[in-house]
Amino acid sequence: MTAPNSSKPLEGSLLDVWEEACAQMREDCGLPDNVLEGWTVRVRHSKQEPFLTIGQGFKELLRARGAILRDVPDLDHVLSVSHQQERLDAIDSYLMVAGTTNVSAEAMELAHERCSSGAWFSARTVVTMPKGHGEGFIRKRLAFHGVVTELYEDFEVEDGTLCVRTLDHIISRKREAEVLAKKKNPRLGILTALTVEMEAFTSLLNDVEEDVTRVDGVLRNYVHGTLPARNGGKHEIVVVRTSAGNAVSAALAERLFADFGLDEVMMVGIAGGIPRVAPKHDDVRLGDIVVSGRKGVIQYDHVKERVTGPQPAHQPMAPVRAFVDLAETISGSETAMAAFNTRLAEATREDGPYKRPHARTDVLRDDRDPDNPVTIRRKKDERRARHASLAFTGAVGSATKVVKSHEERERVREDYGVIAVEMEGAGVAEAAMSNGKGFFVVRGICDYANDGKNDGWHRYASMAAAVFAVHLIESMPLSTTKTV
């Protein structure tokens with residue numbers, strides 16, 4: 001056997017030298033013997049020496065490390081026939097031992113092609129060639145297309161340097177693919193402000209997996225899960241807890257959009273209800289659901305003072321139309337609401353942590369005089385004989401303050417026409433809209449935003465919001481386009 005590009009005999013077997021170099025690499029990097037197990041590689045080399053010997057050496061090394069060697073002898077034909085694309089997609093790495101015109105041209109042709117996923121084959125390709133070819137046209141074009149090229153001197157073949165560098169590229173490619181395969185790809189993000197809200201929602205997910213990392217001092221504490229989609233498939237979902245306030249909720253929503261390729265986000269949790277007890281108005285009660293309707297979210301503490309009174313400084317933020325339409329359909333359907341309440345009853349059974357408080361605790365009072373609160377009589381609603389919780393679509397008020405008085409609540413209702421108030425929806429909506437994405441808000445009513453505000457209905461209302469959100473998501477087919 002002769003050294004590449006020379007007549008100098010190799011000292012011992014080339015394969016033995018390469019095996020020794022790879023063994024040292026394995027020891028230094030802590031690699032398993034079968035580091036390439038299951039990885040499919042095509043090795044292309046010419047029949048001329050020294051490239052034949054180098055190519056055969058690579059094949060032996062790759063096979064010894066668990067790689068599956070696969071050949072595509074008619075590559076030119078495969079590249080020209082679209083329905084044979086899967087033959088190329090099935091190969092994880094292409095190793096081209098270049099030095100002759102045929103192999104170099106084939107590497108160039110492959111670099112111009114895309115996988116069925118849309119990625120370029122150049123990312124899968126490694127080309128070795130003598131250093132003397134480094135300034136040539138083909139080497140420059142391969143580099144332009146992002147193909148890894150390993151230029152070598154004769155001694156780097158003889159001492160195993162070439163084989164170590166080349167294998168390192170293929171091993172790195174396999175590891176990157178494994179990381180990407182494990183990476184979650186949620187399309188819907190769920191935000192909650194309180195721990196009880198997050199626990200309620202995640203308890204309803206399938207395939208739950210925690211994802212806790214710390215990057216540049218910032219803790220990312222996500223929960224991943226899935227829900228079945230209408231007509232088959234799964235919704236991939238990521239859940240994160242913010243804390244009270246529009247600013248922090250906006251920041252967390254921005255981080256979700258940065259970390260994942262989300263189509264939309266949904267704020268799920270509790271809120272204060274603003275009942276309308278006058279005739280012909282919907283009367284929101286404790287344990288009911290309010291979702292952001294066509295007027296979406298109104299940030300009522302961001303206003304312009306005018307002669308006619310305060311007005312929002314910006315227009316109400318409209319939510320995802322698909323979710324609005326579906327929520328209206330569900331809330332207006334006896335069958336759908338019966339299904340929702342059946343599921344809610346299962347999640348809030350008497351012996352569980354989310355049981356429904358007694359009806360006598362649901363009392364609406366006019367507490368403008370705290371010393372003499374007046375109980376407000378509610379109109380009879382026959383629907384409540386059939387359903388424990390009703391769902392309403394309407395404007396949701398969002399601000400950086402807590403409403404805890406009858407007078408303030410009524411002012412907000414009269415000025416802005418909202419049927420619930422909370423502290424996070426506007427921030428989430430702003431973040432979604434600034435990213436060109438959609439948002440939606442689902443709230444369980446836990447109090448009447450007056451002086452009688454307490455935590456008695458928090459757990460039940462949290463679960464009610466979670467169950468309705470899940471019912472909504474499961475009723476939605478998988479989206480193939482942006483749904484803003």
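Label-to-label distance, S479 versus D325, with points set 7 angstrom from Cα along the beta-carbon direction: 1.2 nm. Each of [x] 42, 29, 17; [y] 36, 33, 20; [z] 65, 21, 20 is a candidate for semi-axes √(5λ) of the Cα gyration tensor in Å; the one calculated from this structure is [z]. Just from its helices, what would the mean residue ellipticity at 222 nm be for the chain, if runs of 4 or more DSSP H residues each count -39500 (n - 2.57) and the sum is divided by every residue, rounded to the nearest 500 deg cm²/dmol? Only helices count here, giving -11000 deg cm²/dmol.
Using a cut-off of 29 Å between Cα atoms, the listed pairs K234/K401; K174/K234; K234/K453 include K234/K401; K234/K453 as exceeding that distance. Accessible surface comparison of I138, I298, I68, probe 1.4 Å, protein chains only, largest first: the order is I68, I138, I298. For region 84-157, DSSP calls about 10 percent of its internal beta bridges antiparallel.
Taking a ≥ b ≥ c as the square roots of the eigenvalues of the Cα gyration tensor, an a/c ratio of 1.5 or more together with a/b no larger than b/c marks region 334-469 as oblate. A 1.4 Å probe, protein heavy atoms only, puts the accessible area of E49 near 110 Å². Taking all protein chains together and a 1.4 Å probe, the residues K401, K59 rank K401, K59 from largest to smallest accessible area. Could you tell me the center-to-center distance, by alpha carbons, between region 216-253 and region 339-415 in angstrom? Rounded to whole Å, the Cα centres lie 27 Å apart. Just check region 130-276 against the gyration tensor rule for me: Cα atoms, a ≥ b ≥ c as the square roots of the eigenvalues, rounded for a/c under 1.5, and otherwise prolate or oblate depending on whether a/b exceeds b/c. Judged from the Cα gyration tensor, region 130-276 comes out prolate (a/c at least 1.5, a/b above b/c).
For region 359-484, the relative contact order is 21 percent, taking Cα pairs closer than 8 Å that sit 6 or more residues apart in sequence and dividing their mean separation by the residue count. For the chain, the antiparallel share of DSSP beta bridges with both residues in that region comes to about 40%. Provide the gained length on full extension for the span N221 to E49, in nm with one decimal, where the gain is 0.36 nm per separating residue minus the Cα-Cα distance. Fully extending the segment from N221 to E49 adds 56.3 nm. With every protein chain in place and a 1.4 angstrom probe, the accessible-area ranking of T125, T161, largest first, reads T161, T125.
The values are calculated or read from the model by the stated rules, or taken from the named source; none is laboratory data. Since the structure is predicted, the reported quantities are computational estimates derived from the model, not experimental observations. Neighbour counts are summed over all protein chains in view; Cβ atoms, including those assigned to glycine, are modelled from backbone coordinates with ideal geometry. Accessible surface areas use protein heavy atoms only, side chains included; no ligands, DNA or RNA. Shrake-Rupley method; radii C 1.70, N 1.55, O 1.52, S 1.80 Å.
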